[in-house]
Amino acid sequence: MSVKNIEVSILSLNKGRFVFFTLLTLLFFLFSCKSEIIDNSDRFKKGVFEIPAGDGYSKTIITRKDSIQIEEYEKIISISTDSSSGVKKVKHIDTLYIKWKNNFFYSLKMKSPKKELDKDPIYVQIVKVTDSSYSFKAKIGFSKFATDGTIYKTK
């Protein structure tokens, strides 16, 4: 064997080792950097939730179990007479059917509608999720009435 052949063999051997170790290192980084993804997207389908007080309403407590959602809130009514004015709080409890299309979209339908508007379903789309809350956009039926807000999980 000549010196030239030995040099070519050593260079081929080193090139092969280099490629092998490069691939091994790349695979190591790919698999070691894998993050743990915990799928807990169902966490908003059951439990107790709260919507902070809004214009004309106290905070709303929502309880979800199976296909039922119960909402408890106080409607704040302004009362004024000739001599005084004040507010009256009237407690309301609404029961709705909840139907989940997927983890980010659901519809609500009043179990016992009291007004014509209550007969229409409410379509809710979850637009942002945190550890303990989600932001949503809601629309009543096919009307132009839409609202948005944030729901916080309490239990």
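Here are the numbers:
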{"read-out": "Hits in segment 123-155 - residues which are open to solvent by less than 50 Å² (accessible area, probe 1.4 Å) and of a type in the set (A, V, I, L, M, F, W, C)", "value": "124, 126, 136, 138, 140, 151"}
{"read-out": "Single unsatisfied condition, residue 74 versus (1) of a type outside the set (A, V, I, L, M); (2) in contact with a strand residue (DSSP E or B) (Cβ under 6 Å, 6 or more places away or on another chain); (3) not in a strand (DSSP E or B)", "value": "(3)"}
{"read-out": "Qualifying positions in segment 109-129 - over 16 Å from the mean Cα position of the chain (by Cα) and of a type in the set (A, V, I, L, M, F, W, C)", "value": "110, 117, 122"}
{"read-out": "Every pair of residues 6+ apart whose Cβ atoms lie under 9 Å, when the first sits in segment 42-56 and is closer than 18 Å to residue 137 by Cβ while the second is at pLDDT below 90 and basic (Lys, Arg)", "value": "49/155"}
{"read-out": "Residues of segment 51-84 that turn out to be open to solvent by 60 Å² or more (accessible area, probe 1.4 Å), in contact with a Lys or Arg (Cβ under 6 Å, 6 or more places away or on another chain) and within 17 Å of residue 133 (Cα to Cα), as a count", "value": "2"}
{"read-out": "Segment 103-113 - residue that is touching a Ser or Thr at 6+ places or on another chain (Cβ under 9 Å) and not aliphatic (A, V, I, L, M) and, of those, least open to solvent (accessible area, probe 1.4 Å)", "value": "103"}
{"read-out": "Residue count for segment 89-100, restricted to those that are of a type in the set (Lys, Arg) and modelled with pLDDT of 95 or more", "value": "1"}
{"read-out": "Residue within segment 32-46 that is at pLDDT 90 or above and either loosely packed, with under 10 Cβ neighbours inside 10 Å or not in a loop (DSSP other than H, G, I, E, B) (or both) present", "value": "yes"}
{"read-out": "Of all residues making up segment 106-155, the number that are in contact (Cβ under 8 Å) with a residue 12 or more places away in the chain, under 22 Å from residue 72 (Cβ atoms) and not in a loop (DSSP other than H, G, I, E, B)", "value": "21"}
{"read-out": "Answer from 94, 66, 82, 120 - the residue that is touching a helix residue (DSSP H, G or I) at 6+ places or on another chain (Cβ under 9 Å) and not basic (Lys, Arg)", "value": "94"}
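The values are calculated or read from the model by the stated rules, or taken from the named source; none is laboratory data. Predicted model only: the values in this text are computed from it and were never measured. Cβ: placed from backbone, ideal geometry, glycine included. Neighbour counts: every protein chain shown. Each accessible area value is taken on the protein alone, full model and side chains, heavy atoms only, with ligands, DNA and RNA left out. Shrake-Rupley method; radii C 1.70, N 1.55, O 1.52, S 1.80 Å.
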